[in-house]
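The values are calculated or read from the model by the stated rules, or taken from the named source; none is laboratory data. Quick caveat: nothing in here was measured; it's all calculated off a predicted structure. We place every Cβ from the backbone using ideal geometry, glycine too, and count neighbours over all the protein chains shown. SASA here: full protein model, heavy atoms, side chains in, ligands and nucleic acids out. Shrake-Rupley method; radii C 1.70, N 1.55, O 1.52, S 1.80 Å.
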Amino acid sequence: MCTTGGRGRTLRTVSTKPEGSTPPTRTLTERRKAATQLDIARAAAELFTEHGPDGTTAEDIALRAGVALRTFYRYFRSKQDAVAPLLAGGGDRWRELLAATAATEPGAGLPAALEHSIAASLTPADPATEEGLRWTRGLLRAAAQDPALRAVWYRVNQESEERLREVVAGLAGPAADPLEVRLAAAAATDAIRIALESWAETDAPARGEGAPAELAVRCLRELMGGMRLLGPALSGGSALSGRSALSGGSATAP
């Protein structure tokens, strides 16, 4: 299904499911594996927050998570690598929201879809989202003094950007310039990264002015202002009208 976005650009609705079939249900073994990885990631994040990466060992993480050390190394190469599932979870949710926004608000165009999805993914709407932001802040503060942890953070962002390209390309339509699609994905990913890093350096709340959602939308508009694929719609305003749309804590499209 195709609809026309801003300035006549084609914006295609994109399913969050793989094309051609319903995604297979994960097996019990796969669900248990994912749950174990997340338990280990949370244990690592707790210990990094309490003692810092230098004061934490893989043995400490395994003990806190209630798993054997060999189980830890079955899933992760290092203690810093163990927090990757926590850091990557927000990006997974964001890409799903981006596709869903385009499906439910097809006339809004790609810029508005990006803004809506970014704001929604970074605005705490439930305890799980709020917990994720708290872990991210603590881990980014710890990463300031730990190059290996920073490397994990940058790797997670790079992988998120690569997955985002496919979503942006699908939303922009087949006529979109591949270079502009790549630039848009990079800019959107960096907008969130810079916003989270800046927020982590402060004691600003998770909602309202100075919160991740507000900062990320500001970053997105600055980074994308000169892009042909997105610039005109952003410079003229979009479905999210600046801070007023975010300061009340609501991230859904009006």
* In the stretch 92-105, which residues are modelled with pLDDT under 90, of a type outside the set (Ser, Thr, Tyr) and open to solvent by less than 30 Å² (accessible area, probe 1.4 Å)? -> Ala99, Ala102
* Asked: In this structure, does Leu110 turn out to be in contact with a His (Cβ under 9 Å, 6 or more places away or on another chain) and crowded, with 24+ Cβ neighbours inside 10 Å?
  -> no
* Neighbours by Cβ (under 7 Å, 6+ apart or cross-chain): first from the stretch 67-84, under 12 Å from Ala43 (Cα atoms) and among the polar types (S, T, N, Q); second open to solvent by less than 40 Å² (accessible area, probe 1.4 Å) and not in a helix (DSSP H, G or I) -> Gln80/Asp146
* Which of the residues belonging to the stretch 70-91 are surrounded by fewer than 24 Cβ atoms within 10 Å (Cβ to Cβ) and under 18 Å from the mean Cα position of the chain (by Cα)? -> Asp81, Ala84, Pro85, Leu86, Ala88, Gly89, Gly90, Gly91
* **All positions within the stretch 33-69 that are closer than 16 Å to Ala143 by Cβ, among the acidic types (Asp, Glu) and surrounded by fewer than 16 Cβ atoms within 10 Å (Cβ to Cβ)** => Glu50, Asp54
* Structure fact -> A careful count of residues in the stretch 211-235 that are farther than 15 Å from His116 by Cβ, at pLDDT below 90 and open to solvent by 10 Å² or more (accessible area, probe 1.4 Å) gives 8
* Name the single residue, out of those in the stretch 129-159 being at pLDDT below 95 and of a type in the set (S, T, N, Q), that is nearest to Ala41 (Cα to Cα). => Thr136
* Candidate set: the stretch 170-205, residues that are hydrophobic (A, V, I, L, M, F, W, C) and open to solvent by 30 Å² or more (accessible area, probe 1.4 Å); chosen: the one nearest to Leu220 (Cα to Cα) -> Ile194
* Asked: Only one of Ser160, Ser198 is within 13 Å of the chain's Cα centre (by Cα) and among the polar types (S, T, N, Q); which?
  -> Ser160
* Residues of the stretch 47-89 that turn out to be outside any helix (DSSP H, G or I) and over 21 Å from Tyr154 (Cβ atoms), as a count -> 4
* Of all helices (runs of 4 or more DSSP H) completely enclosed by the stretch 90-190, which ones contain at least 3 residues that are without any contact (Cβ under 8 Å) to a residue 40 or more places away in the chain? -> 127-143, 147-172
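Which of the residues spanning the stretch 65-120 are among the hydrophobic types (A, V, I, L, M, F, W, C) and under 22 Å from Gly52 (Cα atoms)? Full working, then the answer.
Residues of the stretch 65-120 that are among the hydrophobic types (A, V, I, L, M, F, W, C), as a first pass: 65, 67-69, 72, 76, 82-84, 86-88, 94, 97-100, 102-103, 108, 110, 112-114, 118-120.
If the condition is that a residue be among the hydrophobic types (A, V, I, L, M, F, W, C) and under 22 Å from Gly52 (Cα atoms), then Ala65, Val67, Ala68, Leu69, Phe72, Phe76, Ala82, Val83, Ala84, Leu86, Leu87, Ala88 are the ones that fit.
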